[in-house]
């Protein structure tokens, strides 16, 4: 055990020591490495699939994790495609953020610079290794990856290819390091404040909570989304129905999917009549408050909502409904139940829309659109590490442009204070 | 105890619930409140000084904390002056950071918005209450302050004036809340992830470590500075002497003061001859490595450096010296011993300067200038909360412009995904 501890600490320290070599590479050199990795993955499709089979053989076919873990040729093509997209993104480093000449003649610049060492802890999905590695290489960060046991053969097959390409370019393995999939190792990341600059947990809420509770290294949370859509009384009913159905059913398993519909009492009946037909077609289960329960009598997938249902991130074809008196009550409900992720209002009243957009405390706020757009690609940022629900550093889609920090550079000719 | 716990949790929740009223105030209204607070402090100078006397009476006159705690009319004027400076800063909220029309017609904006609730934990200095309160009000953040027992009478006198002004403006006390100075209360801040957006510890390294180790709420560290000045072999000797003396002696008790001088061996003797005269005049104690010890023989305040001395933040008229072979060795020494705060190179070689500025991992890097400039006011940012030595969100001087987060606002006309 002592042996293993030393090895992990040494691994982290080595990655930290080597991180600077990435800063000496030009944007062009980095892109060649990324291209080589994408090609390497495609050329080694067969080998990756064999390793993936070994992982799948350990897993129950009926587990929902099975499909997330499964790779095939087209999924590997999609992973390679993501890397090519990262290649095309603008270099996030050495961007000039500010420049001024101080009164004493010093020229001050604020530029972007790599974070240094990024640690990512994640569960099953095998695309994460390639995604995080390519985003980190592009932003000149070394990375330390910790996957799950479930996906370990697959992750190691992908890392082996990345290491092969790094070697071709005379770069050390340590720049993209996959830790063994042992749970105990995680706690060694939490205290490595000298060698890791940020920890990003990707996966279940339990994982994220565990990391937040225990890490002394700064964490960027990519947390749960309990997302509301509030239909205000001046909403266009057909638009409201269309947006709600999309936000709930287009991909129910993701964090930006709708969870609770808030409806102004003045239009509750007018909205629920067409809405229940549309949601019924998709077999959406509705957890209704007393008032809407009355209006939805006869709906085939109807349940009375408990208080706790309004705190649920459903991640499935279920939603909650609550009738509210007005904007104020809607805002209050969101304030109490929301997770600061994505919130929408449907209204034709511009003043009410702007009050909602201002007063709702969330990463992304929408007027007359589906919350499903909260996504790095959709926002034009490229691949994302996740959706941050915290407020420091990155909020909302956490993408390449936030894998950097700032540095103040001051050039003088002898200035003293 | 249970009672006290509930009260603190309720206080924090109430501050969180009230925070939004600040967002409804215009920049003009906020500035009037700040002006009234500055005037209120001046008008109540006598009362504040009486309270300050009560705190001072509890303290040993010979303690270094005594002077930090001491207020007088001119120090109160300076606190009021700082508030007036904050008034004049640009409104940090609702700044447009990005705007684009997505392919589907949605208009996306990224704007700055308040963090929400800022908690600050600090030690003796009574100016912190007024500083943090004014920066938070300006940026529309509610704040929860936790001072030390030493300064409690003084802190409460200042808060009473702030509360009086808030009341005049029909704003709730909860927006600027001073907790009792009990140590146990701090841990209740650490778990208030739903109601506090950031914790800022200001004070000793022990305090900062304690907060970082225990807080689940994101922390911005304003940590220690072990600052180096590297004199490269092409440096102009008189400039190097002037900068070193300034960086070490102008205000030795602060984090951006020089700790270790690294000297290229090629110019060690040439530099040390005038440098020891200049440092000797200021009675600076030197912890010297073997080589420089030999060259400094006869210097009256000379000690042999232990390895551990190179990790010291001296905060006094002491420094360490090490002779190095070249840039590479200097970089390596800083990498191992630095705290990512402020680092300087003195050189006439532009290529070497630019390598140093690029490869040193620190918040502020200097060419031919004193590290003493790392400061919000000096950088043109206004009053600072502290100097951040971490990389997320704020790096270096952490001032008004970083007391905000981002918000994505999307306006559509029925877009679905």
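Read the figures in this text as sums done on the coordinates, not as results from a lab. Every value quoted in this text rests on a predicted model; they were computed, and no experiment measured them. Ideal geometry is used to build each Cβ from the backbone, glycine not excepted, and the neighbour counts take in all protein chains shown.
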Nearest-ten-degree value, helix A:73-88 long axis tilted from longest Cα axis of chain A: 70
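If each DSSP helix of 4+ residues adds -39,500 (n - 2.57) and the sum is divided by the residues in chain B, what number results at 222 nm, nearest 500 deg cm²/dmol?
Details: 14 runs with 167 residues, N = 417.
Roughly -12500 deg cm²/dmol at 222 nm, from the helical runs in chain B.
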Cα centroid separation, the stretch A:348-382 to the stretch B:362-414 (Å): 27
Simple spin-label estimate for residue A:77/residue A:62, 7 Å along Cα→Cβ, in nm, reads 3.3
If you average the C-alpha positions of the stretch A:156-231 and of the stretch A:104-127 separately, how far apart do those two centres end up, in angstrom? 14
Beta bridge orientation in chain A: antiparallel %, DSSP, nearest 5: 30
For the pair residue A:311 and residue B:25, what calculated FRET efficiency results from E = 1/(1 + (r/R0)^6), where r is the Cβ-Cβ distance and R0 = 41 Å, to the nearest 0.05? 0.85
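What is the stretch B:227-377's relative contact order, in percent, from Cα pairs under 8 angstrom and six or more apart in sequence? Working shown, then result.
Working: 285 pairs, mean separation 50.0, N = 151.
For the stretch B:227-377, the relative contact order is 33 percent.
Restricting things to Cα coordinates, could you compute the convex hull volume per residue of the protein assembly as shown in Å³?
Working: hull volume 146.6 nm³, N = 834.
Once divided by residue count, the hull of the protein assembly as shown is 176 Å³.
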Based on other C-beta atoms within 10 Å, arrange A:78, A:308, A:134 from fewest to most. A:308, A:78, A:134
Compute the convex hull volume of the Cα atoms of the stretch A:90-236, divide it by the residue count, and report the result per residue in Å³ as a whole number. 232
The stretch A:353-392: radius of gyration and largest Cα-Cα distance (Dmax), Å: 11.3, 31
A convex hull over the alpha carbons of the stretch A:321-417 yields, per residue, a volume in Å³ of 180
Under the 7 Å Cα-to-Cβ spin-label approximation, residue A:50 and residue B:303 lie apart by a distance in nanometres of 6.3
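In what sequence do A:100, A:125 fall when counting other Cβ within 10 Å, fewest first? Don't jump to the answer; show the numbers that get you there.
On the way: A:100 11, A:125 19.
Going from sparsest to densest Cβ surroundings: A:100, A:125.
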Rounded to the nearest 5, the percent of antiparallel DSSP beta bridges in the stretch A:318-417 equals 50
Nm distances between copies for residue B:328, ranked from closest, using label points 7 Å along Cα→Cβ: 7.1
Difference of contour (0.36 nm per residue) and Cα-Cα distance, residue A:184 to residue A:160: 6.3 nm
Which whole number in µm²/s is D for the stretch B:227-377 by Stokes-Einstein, with the Kirkwood Rh taken over Cα pairs at 25 °C and 0.890 mPa s? 165
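Within the protein assembly as shown, what percent of beta bridges assigned by DSSP are antiparallel, to the nearest 5?
Numbers: 34 of 122 bridges.
Of all bridge pairs located within the protein assembly as shown, approximately 30 percent are antiparallel.
Any idea what the alpha-carbon Rg over 2.2 N^0.38 Å comes to for chain B?
Details: Rg = 24.2 Å, N = 417, 2.2 N^0.38 = 21.8 Å.
Against the empirical 2.2 N^0.38 Å value, I get 1.11 for chain B.
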Compare B:354, B:82, B:63 in a GNM of chain B, Cα atoms joined below 10 Å, and give the one with the largest fluctuation. B:63
May I ask for the equivalent-ellipsoid semi-axes of the stretch B:154-237, computed as the square root of five times each C-alpha gyration tensor eigenvalue and listed largest first in whole Å? 37, 20, 12
Using the alpha-carbon atoms, what tilt in degrees (0 to 90, nearest 10) does helix B:205-214 show relative to the longest principal axis of chain B? 50
Here FRET efficiency (C-beta to C-beta, residue B:290 to residue B:191, R₀ 51 Å, nearest 0.05) is 0.50
How do A:183, B:417, B:212 rank when sorted from fewest to most other Cβ atoms within 10 Å of their own Cβ? A:183, B:417, B:212
Note the full-extension length gain between residue B:277 and residue B:328 as 0.36 nm times their separation in residues minus their Cα-Cα distance, in nm to one decimal. 15.5 nm
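Tell me, what is the FRET efficiency for residue B:335 and residue A:32 to the nearest 0.05, using R0 = 25 angstrom and their Cβ-Cβ distance as r? Display every interim value, and only then the final one.
Working: r = 28 Å, r/R0 = 1.11.
For residue B:335 and residue A:32, the calculated efficiency is 0.35.
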To the nearest 10 degrees, how steep is helix B:268-281 against the longest Cα principal axis of chain B, on a 0 to 90 scale? 60
